[in-house]
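Everything below concerns the one structure shown next.
The values are calculated or read from the model by the stated rules, or taken from the named source; none is laboratory data. Fair warning: this is a prediction, and the values are worked out from it, not measured in the lab. Note that each Cβ is placed from the backbone with ideal geometry, even for glycine, and that neighbours are counted across all protein chains shown. Calculation scope for accessible area: heavy atoms of the full protein, side chains included, ligands and nucleic acids excluded. Shrake-Rupley method; radii C 1.70, N 1.55, O 1.52, S 1.80 Å.
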Amino acid sequence: VREAVVSTQSTGFRVQAPPEETSQKKDDHSYTFDLAVVGGGSGGLACAKEAAKLGAKVCVFDFVHPSPYKTTWGLGGTCLNVGCIPKKLMHTASIYGELMEDAASFGWDDAAKNDHSWSSMVGSVQGHIKKQNWSLRIDLQEKDVTYYNEYAAFVDSHTLKGVNKRGKEREVTANKIVLAMGGRPNYPDIPGASEYAITSDDIFSLKYNPGKTLCVGASYISLECAGFLHGLGIDTTVMVRSILLRGFDEDCAQKIGEYMEAIGVKFLRPATPTKIECVKEAADGNPPELKVTFLQDGVEKSETYNTVLFAIGRTPLTSKVNPDSIGLKYESNGKVPVNEAEQTNVENVYALGDIIKAPELTPLAIQSGRLLARRLFGESKLLTDYQNVPTTVFTPIEYGCCGLSEEAAIAKYGAENIEVYHTKHTPTEQVVREPSERDGFNYAKMVCVKSENEKVVGLHYLGPHAGEVIGGFALGLTMGATKSDFDRLVGIHPTSSEVFTTLKITKSSGESIEDEDC
Amino acid sequence: FQTFQHYFKRINLSMLRSIVRPLIRAVTPSRSVGSVTTLTSEDEFDEAFNGPTPTLVDFYADWCGPCKQLSPILRKVVEAHTKEVNMLLVNVDEFGDLAHEFDVMSIPCVKLVKEGKVVGGFVGNKPEEKLVEFLDKELE
């Protein structure tokens, strides 16, 4: 406990006070902390704070090694600093551009789309992030969680060694250890990649407008970045090896690709980059000129871009935590296998968040962090439910979903046992705007199991406000709602969400879902 | 006259300034003008913290509205004060460890330091009169 410094008495000090040795511990053990958390992101912080609330003595290690582009950030993990938050903000910025175009049809005559200021947007976004970094740090202090801005690794199963940015080391012992270090973006093994290209680690704080950009990858990260860059008026190309959004519903993934192409995002597919060279260095606030050589259909081609962004996958930081010293089991891709209680093969070591095989989503990490803390230090026995976790891809046409994709449902229940209801829809907000290439893509789909009373096992929505539409309906899926439950529900009009209360046409009937006539 | 003109042509405004200013300074009552700097390294902080001149450490952040209001007024008060006092602006995003050491929990946070000790301070934006009052009292 630190002494209050704001007083007229002289209490100046320059040395960090160590945690008190005499404070109560939760269980009978001789370690300094009841819980040490490695990783100060969504999952780690939620776990640490919940444990502290339950009376445990907790510390959190968080440290960000700069990216190859030398970007670094503060407390809060991927979501706050280089993920969900800046992504959603920049996606929102690009949607504003679209809405300004549509505003004219609503009578805003002067709503011409102006030039977008990249640096102004980055300033706003980073200002918010830094404010949150600060708040999180203060929050930990207020909740009596010790925070070490150090890179931690195992010495043994109860001892962690932290190293700060000046190389100073500290050893800490803990009864339980939770690993929640998350992951970092992958770079391909081709010349010039780490020297000249950037990743999602860097785009959200880029000091200059990225200019003509190539996004490599078919992940949601690649498509979301390409989407908002294009929306901000930037010449954007996506390079894809095969299919888009692997793991997501194929039908919807395809429609997303078609929409992005329709609005002008360029696609190079199938293609893979083989080399990146710098033609002109970045200077005076301007981006560099990079020559990208790639193979498309077996033919070698090249093109010049100002920015190349790799979004080809992420790897958990498991290998960096010295896992072999404690015999921690982990897979070649870094994922740590855990049981349903997030426990690893090492009895007192747990893992959650992006480093385990589960949907890599902030609310899931937070939920599992909190429930784990309650099981370890409280009376709870509640386990995290990893089924039916809803999510949204914030591409220019948003895609929200919960439950199984159509393919996964067919694989699980058999094609004859699946009934798919679907429809196109036009949100009322869009009926007045001028006809454009954006029309005709809004779509809703419900996947049902015939033998279980048409129980709804998958919900899919393409259109605006996808997260808001799907979020509430996820409750229906977790509670076992059937098609007739949805039919009995009275929707709100006029909204997009009501589309799920009036689905009539099945895929199996072959009926058209197109608008017939005016 | 030609010689006079030749020499006078070479006298320009900046030359005049460099003659007149010291003259004015010599005849006006002296004022201890403290320095106002923004911290660039932790070593710089140690110097200010341990030094004999009282220093007002202004912990701030770029995203903090009240900080943006307080800092210029504080600077004005520091520069106008008759007693010598320096002002040191510390960006908490850059120097988070320092802010943590000094228990800065919310900003703007101002601490008066001198000879290795914290001798006073306050949190939050304050009107100019209160700042003058604070400095007057603490520098007695």
Quiz item: Once the other residues with Cβ under 12 Å from the Cβ of A:Lys450 are scored (Lys, Arg +1; Asp, Glu -1), what is the net sum?
Solution: -2
Quiz prompt | Geometric extent, Cα atoms of the stretch A:321-393 - Rg, Dmax (angstrom) | solution = 12.8, 38
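Which net charge results for the neighbourhood of A:Gly440, defined as the other residues with beta-carbon distances under 11 angstrom from its beta-carbon, given Lys and Arg at +1 and Asp and Glu at -1? All intermediate terms of the calculation are to be shown ahead of the outcome.
Values: positive: A:Lys255, A:Lys424, A:Arg438; negative: A:Glu258, A:Glu437, A:Asp439, A:Glu514, A:Asp515.
With Lys, Arg at +1 and Asp, Glu at -1, the net is -2.
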Practice problem: Provide the buried accessible surface between chains A and B in square angstrom, both chains summed, 1.4 Å probe, rounded to the nearest 100. | Solution: 2300
Quiz item: Averaged per residue, what accessible surface does chain A expose to a 1.4 Å probe, in Å²?
Solution: 47
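So for A:His65, A:His493, A:His29, A:His91, what's the accessible-area order with a 1.4 Å probe, most first? Provide the component values of the computation, followed by the final result.
Numbers: A:His65 85, A:His493 145, A:His29 30, A:His91 5 Å².
The most accessible residue leads, giving A:His493, A:His65, A:His29, A:His91.
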Exercise. Count charges around A:Val238 for me, please; just the other residues with Cβ under 10 Å from its Cβ, Lys/Arg as +1, Asp/Glu as -1.
Key: +1
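Take the solvent-accessible surface of the protein heavy atoms, probe 1.4 Å, and return the percent of it on the stretch A:320-449 that carbon and sulfur atoms account for. Could you put the intermediate results ahead of the total?
On the way: 2920 of 5880 Å².
Of the solvent-accessible surface of the stretch A:320-449, carbon and sulfur hold 50 percent.
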Practice problem: Could you go through the stretch A:243-248 in sequence order and give the Karplus-derived ³J(HN,Hα) for each residue, using 6.51 cos²θ - 1.76 cosθ + 1.60 with θ = phi - 60°, rounded to whole Hz, and x for Gly and Pro? | Solution: 8, 8, 6, 4, x, 8
Quiz item: For chain B, what mean projected area does the convex hull of the alpha carbons give, in nm²?
Solution: 11.9
Quiz prompt | Per-residue HN-Hα couplings for the stretch A:375-392 [Karplus 6.51, -1.76, 1.60; θ = phi - 60°; Hz; x = Gly/Pro] | solution = 6, 6, 10, x, 9, 6, 10, 5, 9, 6, 8, 8, 8, 6, 7, x, 8, 9
Quiz item: Going down the table (A:Lys165/A:Lys329; A:Lys165/B:Lys76; A:Lys88/A:Lys445), which pairs top 31 Å between alpha carbons?
Solution: A:Lys165/B:Lys76
Quiz item: Quick one: helix A:84-103 against the long Cα principal axis of chain A, what's the angle to the nearest 10°, folded into 0 to 90?
Solution: 30
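Let me know the mean shielding of A:234-240 by other chains, meaning the per-residue number of their Cβ atoms within 10 Å of its Cβ.
Details: counts 0, 0, 0, 0, 0, 0, 0.
Across the residues of A:234-240, the mean count of other-chain Cβ atoms within 10 Å is 0.
At a 10 angstrom cut-off on C-beta neighbours, averaged per residue, how do the peptides B:78-87, A:295-304 rank from highest to lowest?
On the way: B:78-87: 17.1, A:295-304: 11.2.
By packing density, highest mean first, the sequence is B:78-87, A:295-304.
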Self-check item: Accessible-area composition of the stretch A:458-518, carbon plus sulfur, in percent [1.4 Å probe]
Solution: 56
Quiz item: Hey, if we sort A:Thr159, A:Thr274 by accessible area with the 1.4 Å probe, largest down, what's the order?
Solution: A:Thr274, A:Thr159
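I'd like to know how the stretch A:102-261 sits against the 2.2 N^0.38 Å rule of thumb: what's its Cα Rg over that expected value? Working shown, then result.
Numbers: Rg = 21.6 Å, N = 160, 2.2 N^0.38 = 15.1 Å.
Rg over 2.2 N^0.38 Å, computed on Cα atoms: 1.43.
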Exercise. Shielding by partners for A:125-135, please: the mean number of other protein chain Cβ atoms within 10 Å of each residue's Cβ.
Key: 4
Quiz item: Quick one: length gained pulling A:Asn453 to A:Lys291 fully straight, 0.36 nm per residue minus the C-alpha distance?
Solution: 52.6 nm
Exercise. Would you compute the Debye intensity of the stretch A:193-267 from its alpha-carbon atoms alone, equal scatterers and no solvent, and pass along log10 I(q)/I(0) at q = 0.11, 0.13, 0.22, 0.23 Å⁻¹ to two decimals?
Key: -0.27, -0.37, -1.01, -1.08
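Using a 10 Å cut-off on Cβ atoms, rank the peptides A:430-439, A:313-322 from the highest mean neighbour count down. Show your work: numbers first, answer last.
Numbers: A:430-439: 12.5, A:313-322: 18.5.
Output ranking for A:430-439, A:313-322: A:313-322, A:430-439.
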Exercise. Using a 1.4 angstrom probe on heavy atoms only, work out the carbon and sulfur share of the accessible area of the stretch A:20-101 in %.
Key: 55
Practice problem: May I ask you to find the residues of the stretch B:43-87 that are shielded by at least 40 Å² of accessible area once the whole protein assembly is considered instead of their isolated chain (probe 1.4 Å)? | Solution: B:Trp63
Quiz item: With θ set to phi - 60° and the Karplus curve 6.51 cos²θ - 1.76 cosθ + 1.60, what are the ³J(HN,Hα) couplings of the stretch A:27-44 in order, to the nearest whole Hz, using x for Gly and Pro?
Solution: 10, 7, 8, 10, 7, 4, 10, 6, 9, 10, 10, 9, x, x, x, 3, x, x
Practice problem: Starting from the Cα of A:Lys280, draw a straight line to each of the aspartates and glutamates and keep only those under 16 Å, dropping any in the same chain fewer than 8 residues away. | Solution: A:Glu195, A:Glu289, A:Glu303
Quiz prompt | Members of the stretch A:149-168 that become less accessible by 30 Å² or more once partner protein chains are added (1.4 angstrom probe, chain alone as reference) | solution = A:Arg166
Quiz item: Given H placed 1.01 Å from N in the peptide plane, which residues other than close sequence neighbours of A:Thr315 have an amide H under 5 Å from its amide H?
Solution: A:Arg184, A:Asn186
Exercise. Search the structure for amide H atoms under 5 Å from the amide H of A:Ala271, placed 1.01 Å from N in the peptide plane, and list their residues when 5 or more places away or on another chain.
Key: A:Val240, A:Arg241
Quiz prompt | Percent breakdown of C-alpha pair distances by 10 Å bin, ordered from the shortest bin, for the stretch A:397-518 | solution = 13, 46, 32, 8, 1
Practice problem: Could you tell me, in Å, what Rg and Dmax come out for the Cα atoms of the stretch B:64-132? | Solution: 12.1, 33
Quiz prompt | Rg/Rg_globular for chain A, with Rg_globular taken as 2.2 N^0.38 Å and Rg from C-alpha atoms | solution = 1.06
